[in-house]
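J.: Supplied in structure tokens, the structure appears directly below.
The values are calculated or read from the model by the stated rules, or taken from the named source; none is laboratory data. Note that the structure is a prediction, hence the values are computed from the model and not measured. FYI the Cβ positions are ideal-geometry reconstructions off the backbone, even for glycines, and counts take in every protein chain you see. To get the accessible areas, we keep the full protein, side chains included, count just its heavy atoms, and leave off ligands, DNA and RNA. Shrake-Rupley method; radii C 1.70, N 1.55, O 1.52, S 1.80 Å.
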Amino acid sequence: MHPFLLTYPAFLTPSVSAFTKKPKTQTAEIGATVIFEAETEKPVKVRWLRDSKDIASSYKYTISAEGNLYSLTINNIAQEDALGYAVIAGMSKVKFELKIKESEEPKEAPPAPTGSSAPDTSGTVSDCSAPEGLPESHRPDTRQDLTGLFTEKPQSGEVNVGENITFVARVCGESLLKKPSVKWIKGKWMDLASKSGKHLQLKEHYDRNSKVYTFEMHIIAAKANFAGAYRCEVSSRDKFDSCNFDLVVHGNKNNYMPVCSCFVVRDSLLSYSSTDAGEDSGELDFSALLKKRAVHVSTEPEVDVWEILQNAPPSEYEKIAFQYGITDLRGMLKRLKKMKKEEKKSAAFLRKLDPAYQVEKGHKIKLQVEVANPDAEVKWLKNGQEIHPTGRYIFESVGNKRFLTINNCTLADDAAYTCTIGEEKTVTELFVKEPPVLIVRNLEDQMVMKGERVEFECEVSEEGAQVKWEKDGVELTRDESFKYRFKKDGCKHVLIINDVTKEDCGHYRVKTNGGQSFAELMVQEKQLEVYQNIADLTVKAKDQAVFKCEVSDENVKGIWYKNGVEVKPDARTHITHIGRIHKLTIDDVKPEDEGDYTFVPEGYAFNLSAKLNFLEVKIDFVPRQDPPKIHLDCMGRTAESTILVVAGNKLRLDVPITGDPAPIVVWTKGEKKVSRLTGTGNSDGRVHVESTKGHCIFTIEGAERQDEGVYSVIVRNPAGEDTADINVKVVDVPDPPEAPRILSVGEDSCVVQWDPPLFDGGQPVIGYVLERKKKKSYRWMRLNFDPFKETTYEAKRMIEGVPYEMRVYAVNAIGMSRPSAASQPFVPVAPTSEPTGLCVDDISDTTISLKWRPPERIGSAELEGYGVEYCKEGSDEWIPAFPSLTESTSVIVCDLPTGEKMQFRVRAYNMAGPSLPATLQQAVTIREIMQRPKIWLPRNLRQTLIKKVGETINLVIPFQGKPRPQVTWTKNDELLDPKQVSIRNSDTDTILFIRKSERKDSGKYEVQVQIENVQDRASVNIQIFGVPENVIDVWGFNVALEWKPPKDNGNCDITGYTIQKADKKTMDWYTVYEQYRRTNCVVSDLIMGNEYMFRVYAMNMVGLSPEPFLSKDSAYIQKTGIVYKPPSYKEHDFSEAPKFTHPLVSRSVIAGYNATLSCSVRGIPKPKITWYKNKMDITNEAKYRMFSNQGVLTLEIRKPCPFDGGVYMCKAVNDSGEDIIECKLEVRCKYMPLTQKLPRNLHSNS
């Protein structure tokens, strides 16, 4: 990293408060003097502010500065001084307040409300009861179940002239995305925000702990004309609430008379309202805004204002109030509303618009009115502006109904809409509701070092949406030190935290009105890593000694020590610091330079040490030929003499040798010759050998693991030879461990285990470092910075229900290995709570039935099932009742030992494992309990069961008894034939079943249940009846009929007969008698010359007999006179060949929606219709439905797909001929890709 990247610009430097002593909020009495003091680190320019405005020195304020001490003195404190103050020094700003202490004067007045800061408690609104002097319509709303934005509404109050009063309103801001706006209004429209001054002050503050906004209106030194009706309105985006309250000012009755308390206004009152204008007029007085009149006394007759208002239109109300000086117009209009008669119905509108409509953003809405005149023209207006038809605004007129359709509603459509016909109109309001804002991209966990900058970023579904940031449940705001910054870029929202500290650790949450997202921030102290440690040196006299180390931070400085004494640079000693490398160089080494050298990084509690050994070479005088000699103190293969080199570093073996003449040097590794040197230099790839006077140097560039071993150096000359062995060990970082295994998971934790690496790098593994990440994230978070020595670790502080992955690093003295492969994804979940309501449902000699209810808390993981276990009383060995889990909440455990006392328990299982067990309160003895047999006969079977012939009989009769009783059925004291009746028995009921009943099945059925010698009986009476048989004989003479009753009455009484007659020419039957009870009758009113046939039906409670019997002979009614012979005509042929009168029309439909094809046909006789698709008959296919109604033919295709397109044909055929008609049908996809072009023509599949 380049050094300049770590230098912050001035505007990014974290701000630190310039104040060492800050002014604090003080409380003082009226007339006292208060001093606020501040102190800075160094003298700077300081500004004092009052209510965000600069304060200048005057008789009221005294500002002084001495060095770095500053003070503000406020003299003769008054009520209006109770405001917010601030002091600014450089980039630091401190706020404080001055509060007025209330005087201890006893007054007979209701106590002040909690939280009121008014100086005079006698005028503070505290009593929630309505003042006695207020009319019923003006009394405050004292209900406690507030449903709007207000958590505390301002209450009506009373005050004396010259006293103070405070009205307080509170709004809960927990569900609001931004601060609400509040208006204080007097009368109907006067906004009091513009009246703040001597007599009126508006204050507000926000309690961050309770998240409540408090708004206060202080009226100071009230006057008589301050009385009247007030209103407080609060709004926040699409929410709105308001509250009305009244102020009554008590004073000299001769000087104040509210106009609203009179029914008749006299000119004397007008004189009062115009003359009561003093120094402070116009501040809160409604009447002061009216036109002033000269004072005069009029003798004109009295004017009844109520009569004028009753007869005037609403648009003239304010004009009348102005003319007659009415200050409480709102109160008068309330009374006028009660006095007015009911309004007449509108002559133009039969149905008006509703008062309000609501629609979601992006949807459409239809406004509807009904007009009296179907030909009337209507106009639609939006906020008073006429609307013209466009793609979004559609006008429709259907009969006397008029519609306005608004497509794709936006926030701009949130307005008042008016429909007018001539002079009449109807008004409504449309509220556009925004859809919930969803979080598209969630926050991600972050782990940073102390002092760094952090950015949490999320993405929402809509641009410009409001979001709320929280830390550990506390809302974050933009504070003075700019600790938190909020950035918005389209749909992206970013939380920026500058200069993080350990206190910033925690869980951060971003909330919208449609969702939320969590992330964790972990802050670690910066740790200095040592990339290269200083090594021990052995140096000869007059050689150079270089101590070198490399650390991770290039900005860290350090101090060198020798034997505990700081090393100062001189002519022989040089100290250098270049980037991350620190060097100590000693030239011309002397014996006194030998010692322990230490490097201490500034700001860190550790050091690096090494030893400098001075090698003194003593050369004895020898003859000219001196045998070679190797001078080493690290020869051999012991651990102490082994030379360690880190893989990748340079291996340098500097061997002092002597000999005359100069010896030949040979280096070998094992039995392999590495190099041969006679006195000059040699180089072979990574291996370099060089020789100087008295030294032989062996170098390997970039040592690797295979370079490890025993190196031998042999020196020879004519006088002899010498040999030395040097043991070299190459050390490296360990191999990565295998992928970790997740042993168990908890609600916010997991236990992970792994195996040590196969190769430890030549140095023992001193520990492991673990990291975790969310499955869908790419950011790994380190869980520990100090190496963890065990191979099992419990990771905590995870979010339940979110999938995670883990990986492990191995650490030795050389460094950290590569990361292991990621573990299998896992989800932190907690076991469920124990099952509830475990009880015994039934028990026998070898079985027991248990039932329970699911756990109260299941958690984020799905419930896998339940495990049932049992054990003998006094034993701790629990035996599973089933080999696997069961999903049911009731089981039957079988094969239990009879007579043993057994204990049972049930545990719920999920991904996290078993829950706590639910155990029976006491052990259960496995033995069936004797229960007396008892039949529970249903109520409907306690009386005769009547069925028709052919109906199914299914009798279910429950019973009880243990052990299982024996069931016996009989009919009329005889056992039932199993071929005719089916009997099925269970442990709790018995079923008698007859599939098709006959009359012979009638009778008394008896069921018996028996256990040993104990039994119980019950009986059921069944009656099967059918229709009566045909009439045996019908004979007649003249018009008298007689017959005999049927032999078979259908097993029930005959209730009557139906007699019918028919003219033999037409054979159309007409009923003569119904419900006729005799077996003979006389039929009269017959036409002479006609011949009649007769038939009789018998009737019982089931119905008519299926077939009547006709009379054997017909009855001819003779007539006298001329016999008319009708002329003969040739019968006309009405037959006609089929012909389609309306053709099939080719269509293009959308897939997935039912489609119909229609046509019409005529023909005599009625033709037979057949439908074809691509010339294939589709009459019997379930996908199609065919309809025919009065010649109109319809083919319905249910949810067609693109394969249903083609040529459809309809064919009509009768005896006179046939006709065919066809059309083409195209089926389009619901969503057509943009790259696909629509077909120009319709093509058939044929």
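J.: Evaluate E = 1/(1 + (r/R0)^6) for SER1135 and MET1088, where r is the Cβ-Cβ distance and R0 equals 56 Å; express this FRET efficiency to the nearest 0.05.
T.: Calculated value: 0.90.
J.: Set the bar at 31 Å for Cα to Cα. Now go through LYS24/LYS557; LYS21/LYS60; LYS153/LYS195; LYS540/LYS583; LYS24/LYS488 and name every pair that lies beyond it.
T.: Where the Cα-Cα span goes over 31 Å, the pairs concerned are LYS24/LYS557; LYS24/LYS488.
J.: Report the gain in length on full extension from SER52 to ARG652: 0.36 nm times residue separation, minus Cα-Cα distance, nm rounded to one decimal.
T.: Full extension of this stretch gives 208.6 nm more.
J.: Relative contact order of the range 376-421: what whole-number percent is it, with Cα pairs under 8 angstrom and at least 6 residues apart?
T.: Taking the mean separation of contacting Cα pairs over the length of the range 376-421, I get 51 percent.
J.: Another question, if that's okay. Computed over the Cα atoms of the range 767-816, what is the ratio Rg over Rh, Rh following Kirkwood?
T.: Taking Rh as the inverse mean 1/r over Cα pairs, Rg/Rh reads 1.00.
J.: Also, I was wondering about something else. Under 14 Å from the Cβ of ARG1185, count the other residues' Cβ atoms, weight Lys and Arg +1, Asp and Glu -1, and hand me the total.
T.: Within the 14 Å Cβ shell, the charges total +1.
J.: Towards the positive end of the charge dipole of the range 721-780, with charges on Cβ (+1 Lys, Arg; -1 Asp, Glu), say which of GLY761, TYR778, ILE742 has the farthest Cα.
T.: Result: TYR778, furthest along the dipole toward the positive end.
J.: With an 8 Å cut-off on Cα pairs and a minimum separation of 6 or more residues, tell me the relative contact order of the range 700-821 in percent.
T.: 28 percent
J.: I need the phi-derived Karplus couplings for the range 356-370: 6.51 cos²θ - 1.76 cosθ + 1.60, θ = phi - 60°, integer Hz, Gly and Pro marked x.
T.: Whole-Hz 3J(HN,Hα) from phi for the range 356-370: 7, 10, 9, 8, 7, 4, x, 8, 10, 9, 10, 9, 10, 9, 10.
J.: Another one. Less than 23 Å apart at the alpha-carbon level, and either on another chain or at least 8 residues along: which lysines does that give for LYS669?
T.: LYS629, LYS650, LYS729
J.: Indicate the gyration tensor shape class of the range 1033-1177 (rounded, prolate or oblate), computed on the Cα atoms with a ≥ b ≥ c the square roots of the eigenvalues: a/c under 1.5 is rounded; otherwise a/b larger than b/c is prolate and the rest oblate.
T.: Because a/c hits 1.5 or more and a/b fails to exceed b/c, the range 1033-1177 counts as oblate.
J.: I'd like the FRET efficiency for VAL448 and THR585, computed as 1/(1 + (r/R0)^6) with the beta carbon distance as r and R0 of 35 Å, rounded to 0.05.
T.: The computed FRET efficiency comes out at 0.40.
J.: Also, I was wondering about something else. Measuring from label point to label point, each 7 Å out along Cα→Cβ, what is the GLU475 to LYS947 span in nm?
T.: 7.3 nm
J.: Starting from the Cα-Cα distance between SER181 and SER194, subtract it from 0.36 nm times their residue separation and give me the gain in nm to one decimal.
T.: 3.2 nm
J.: Express in Å², to the nearest 10, the accessible area of SER461 obtained by rolling a 1.4 Å probe over the protein heavy atoms while all chains stay in place.
T.: Result for SER461: roughly 60 Å² accessible.
J.: How long is the gain from ALA415 to MET1176 if the chain were fully straight, where each residue apart is worth 0.36 nm and the alpha carbon distance is subtracted?
T.: 268.1 nm
J.: May I ask you to list the trypsin sites (Lys or Arg not before Pro) in the range 1091-1187 that are in a DSSP loop and have at most 13 other Cβ atoms within 10 Å of their Cβ?
T.: Filter output for the range 1091-1187: LYS1112, LYS1119, LYS1130, LYS1175, LYS1183.
J.: May I pose another question? Just name one of GLY490, MET449, THR428: the one whose Cα is farthest towards the positive end of the charge dipole of the range 353-499 (beta-carbon charges, Lys/Arg +1, Asp/Glu -1).
T.: Ranked along the dipole, the leading option is GLY490.
J.: Residues with amide H under 5 Å of ARG1228's amide H, sequence separation 5 or more or different chain, H placed in the peptide plane at 1.01 Å from N; which?
T.: Those qualifying (amide H under 5 Å, at least 5 residues apart or on another chain) are VAL1149, ILE1150, ALA1151.
J.: How much of CYS839 can a 1.4 Å solvent probe reach, expressed as accessible area in Å² and rounded to 10?
T.: Number for this one is 50 Å².
J.: Determine the relative contact order of the range 460-542: mean sequence separation of Cα pairs under 8 Å and six or more apart, normalised by residue count, in whole percent.
T.: After rounding, I find 25 percent.
J.: Here's another thing I want to ask about it. Would you give the gap between the C-alpha center of the range 933-996 and the C-alpha center of the range 1149-1194, rounded to a whole Å?
T.: Going from one Cα centre to the other spans 52 Å.
J.: Convert each backbone phi in the range 1158-1173 into a coupling constant with the Karplus relation 6.51 cos²θ - 1.76 cosθ + 1.60 (shift: θ = phi - 60°), then list the ³J(HN,Hα) values in order as whole Hz, x for Gly and Pro.
T.: Per residue, the Karplus-derived 3J(HN,Hα) values read 10, 7, 9, 9, 10, x, 10, x, 4, x, 8, 9, 9, 9, 10, 10 Hz.
J.: Normalised radius of gyration for the range 795-928, please: alpha carbon Rg relative to 2.2 N^0.38 Å, two decimal places. Don't skip to the answer; put the middle values down first.
T.: Values: Rg = 20.8 Å, N = 134, 2.2 N^0.38 = 14.1 Å.
With N residues counted in the range 795-928, Rg over 2.2 N^0.38 Å equals 1.47.
J.: Please give the per residue volume of the convex hull enclosing the alpha carbon atoms of the range 434-535, rounded to a whole number of Å³. All intermediate terms of the calculation are to be shown ahead of the outcome.
T.: Working: hull volume 11.6 nm³, N = 102.
About 114 Å³ per residue, rounded to a whole number.
J.: Another question, then. So what's the net charge close to VAL398: Lys and Arg +1, Asp and Glu -1, counting the other residues with Cβ under 15 Å from its Cβ?
T.: For residues surrounding VAL398, the net value is 0.
J.: Quote the FRET efficiency, to the nearest 0.05, computed for THR25 versus PHE606 with a Förster distance R0 of 45 Å and r equal to the Cβ-Cβ distance.
T.: Step by step, r from the Cβ atoms, then E = 0.40.
J.: So how do LYS1199, LYS361 rank on accessible area, 1.4 Å probe, biggest first, that is with the largest at the start?
T.: Values: LYS1199 135, LYS361 60 Å².
If we order LYS1199, LYS361 from most to least accessible, we get LYS1199, LYS361.
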